[in-house]
1. Grab the strands (runs of 3 or more DSSP E) fully contained in region A:136-211, keeping just those with 3 or more residues being of a type in the set (A, V, I, L, M, F, W, C).
2. Going by what's in this entry, would A:GLU238 be described as more than 22 Å from A:SER55 (Cα to Cα), modelled with pLDDT of 95 or more and either assigned by TED's automatic domain parsing to the domain that holds A:HIS27 or buried (at least 23 other Cβ atoms within 10 Å of the Cβ) (or both)?
3. Among (1) within 23 Å of A:ARG107 (Cβ to Cβ); (2) touching a residue at least 24 places away in the same chain (Cβ under 8 Å); (3) open to solvent by 20 Å² or more (accessible area, probe 1.4 Å), where does A:TYR201 come up short?
4. Among the candidates B:ASN97, B:ASN80, B:ASN73, B:ASN91, which residue alone is within 13 Å of chain A (Cβ to nearest Cβ) and at pLDDT 95 or above?
5. Only one of (1) polar (S, T, N, Q); (2) under 20 Å from A:PHE145 (Cβ atoms); (3) open to solvent by 50 Å² or more (accessible area, probe 1.4 Å) fails for A:SER55. Which number is that?
6. Which of (1) open to solvent by 10 Å² or more (accessible area, probe 1.4 Å); (2) within 14 Å of another protein chain (Cβ to nearest Cβ); (3) under 18 Å from the mean Cα position of the chain (by Cα) is the odd one out, the single condition A:HIS42 does not satisfy?
7. Among the numbered conditions (1) part of a strand (DSSP E or B); (2) open to solvent by 20 Å² or more (accessible area, probe 1.4 Å), tell me where B:LYS63 comes up short.
8. What are the residues in region A:330-369 that are surrounded by fewer than 19 Cβ atoms within 10 Å (Cβ to Cβ), within 14 Å of another protein chain (Cβ to nearest Cβ) and either under 24 Å from A:TYR244 (Cβ atoms) or small (Gly, Ala, Ser) (or both), if any?
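The values are calculated or read from the model by the stated rules, or taken from the named source; none is laboratory data. Everything numeric in this text was worked out from a predicted model, so none of it was measured. Here the Cβ is made from the backbone with ideal geometry for all residues, glycine too, and neighbour counts use every protein chain on show. Remember, those area values only see protein heavy atoms, side chains included, never the ligands or the DNA or RNA. Shrake-Rupley method; radii C 1.70, N 1.55, O 1.52, S 1.80 Å.
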Amino acid sequence: MTDRSEPVRTPLFDRHTALGAKMVDFHGFQMPVQYSGIQDEHRKVRTGVGMFDISHMGEFEIWGQDAFEYVQRMVTNDAGQLKIFQVQYTGLCYEHGGLVDDLTLYRFPDHYLMVVNASNIPKDLDWLEQHVAGDVEIRNRSEEFSLIALQGPKSEAALRSLTSSDLERIAFYWFVPGEVAGVPAVISRTGYTGEDGFEIYIDDPQGAVTVWDALMEAGESVGIVPVGLGARDSLRLEVGYNLYGNDIWEETTPLEARMAWVVKLEKGDFLGREAMMKQKEEGLSRRLVGLELRGQAFPRPGYPVLRGDAEIGQVTSGTVGPSVGVPIAMAYVPTELAGKGSELIVDCRGREVEATVVGLPFYTRGSRK
Amino acid sequence: MNIPQDLVYSKEHEWCRVDGDVVVIGITDFAQGELGDVVFLELPEVGDTATTGEEFGTIEAVKAVAELFAPVNGEVTEVNADVIDSPETVNEDPYGNGWMIKISMSDPAELDDLMDASGYEAMIGEGE
């Protein structure tokens with residue numbers, strides 16, 4: 001993928017415009033930011049089911065005899081723990097421990113699939129290719145794969161009639177190759193909302209349209225709605241999921257970013273391990289925390305976080321959570337101020353709003369299985 | 001796009017309903033649509049001075065924050081407390097219950113500097 005002057009349309013572009021979506025250029029992709037309204041869509045995912053076009057995400061397949069050893073050296077989590085048809089959330093790090101990207105890793109019987117952030121596709125590919133060793137082949141399938149996410153407690157009900165796969169037997173973070181509406185698809189019980197749901201991979205543009213239309217129709221009885229990137233962002237923030245480019249970037253390590261659970265220092269050598277061992281030994285100087293603000297405010301990225309008069313950090317993501325009902329934010333703050341109950345201030349456009357460090361997720365009543 | 005004929009409009013997407021020396025002010029249907037869900041409003045107090053072209057409040061929507069600019073000089077005579085309590089009214093009824101403040105104008109001639117409905121329609125048409 002090289003420089004593109006025109007934002008790319010996903011195969012579902014015409015569906016979005018027909019549904020009255022507001023389209024935005026998102027890292028070179030023309031994506032729906034909202035249909036009926038961000039808060040309305042957000043609530044429908046929490047209570048019913050929403051459907052997202054997230055075809056902008058990148059997909060790399062890793063093939064070859066040495067695929068496992070290669071993947072294991074690239075990612076921070078222990079790929080050796082992955083069973084066939086299981087999914088793992090993991091980090092991809094530089095030698096200095098900073099994150100190249102965060103991704104989900106799928107183990108197929110004969111290869112691995114990495115699903116990466118759209119904004120990072122060229123950078124990730126470059127990084128992965130630089131480190132190829134032995135019999136390893138990386139296939140960038142990003143342009144062929146469409147990805148439809150079905151999220152919300154009624155996801156299974158919406159999907160059930162369209163597939164012969166036994167959805168009840170797919171546990172959270174597992175997947176099956178199968179069919180949806182007669183279209184070959186990978187059905188993965190994963191998501192980015194804190195709700196139960198599926199992510200459906202289809203490597204045929206017309207097939208993606210078929211699946212979208214079929215889900216719209218089959219989901220009608222359970223109130224399915226299309227959901228844009230706006231609600232995707234507030235949904236993920238309420239459950240404390242990081243967004244690359246906001247909460248994590250090249251200069252943040254997984255340890256600082258509440259991703260220690262996907263860093264397996266004991267698994268053997270991998271890129272970034274030494275730096276993170278050192279960081280762990282010396283102690284972290286800052287941590288990503290959740291903040292709950294008191295009073296009316298809408299925290300946004302870049303707003304200063306203060307302790308007394310001193311700026312000690314900045315908001316990385318923020319919103320007024322439709323399901324939590326209060327302003328919430330994430331920010332990196334010095335470790336000594338990162339404990340639950342720590343009292344801080346967020347400078348919201350010159351107005352000082354009191355904030356407390358709280359445990360994550362902000363929203364705890366999700367249906368995730 | 002709803003652009004009522006009986007209102008006048010500012011470049012900053014406020015509408016004004018003129019009633020003698022008093023103008024009722026809100027934001028246009030176009031503006032609320034661009035902002036998306038309005039989450040809260042900061043509005044001035046009754047008795048505050050409004051200065052043409054200067055900020056009199058802010059409107060926080062999910063996607064963005066926007067300043068509200070006074071379309072005329074004068075004194076704030078009324079603030080819509082209901083819209084502060086239920087900011088979604090700005091999205092639902094921008095020209096009705098979504099009104100924000102009333103200003104008693106110090107110079108009604110200033111209204112001539114604002115646009116009529118067709119002028120406003122042309123302006124937002126150009127931006128698209």
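1. Output list reads A:146-151, A:175-180, A:183-188, A:197-202.
2. So A:GLU238 passes the test.
3. Evaluating A:TYR201 over (1) within 23 Å of A:ARG107 (Cβ to Cβ); (2) touching a residue at least 24 places away in the same chain (Cβ under 8 Å); (3) open to solvent by 20 Å² or more (accessible area, probe 1.4 Å) leaves (3) as the failure.
4. B:ASN91
5. If we test A:SER55 against (1) polar (S, T, N, Q); (2) under 20 Å from A:PHE145 (Cβ atoms); (3) open to solvent by 50 Å² or more (accessible area, probe 1.4 Å), just (3) comes out false.
6. Condition not satisfied by A:HIS42: (1).
7. Result: B:LYS63 passes all but (1).
8. Residue satisfying the conditions is A:GLY350 alone.
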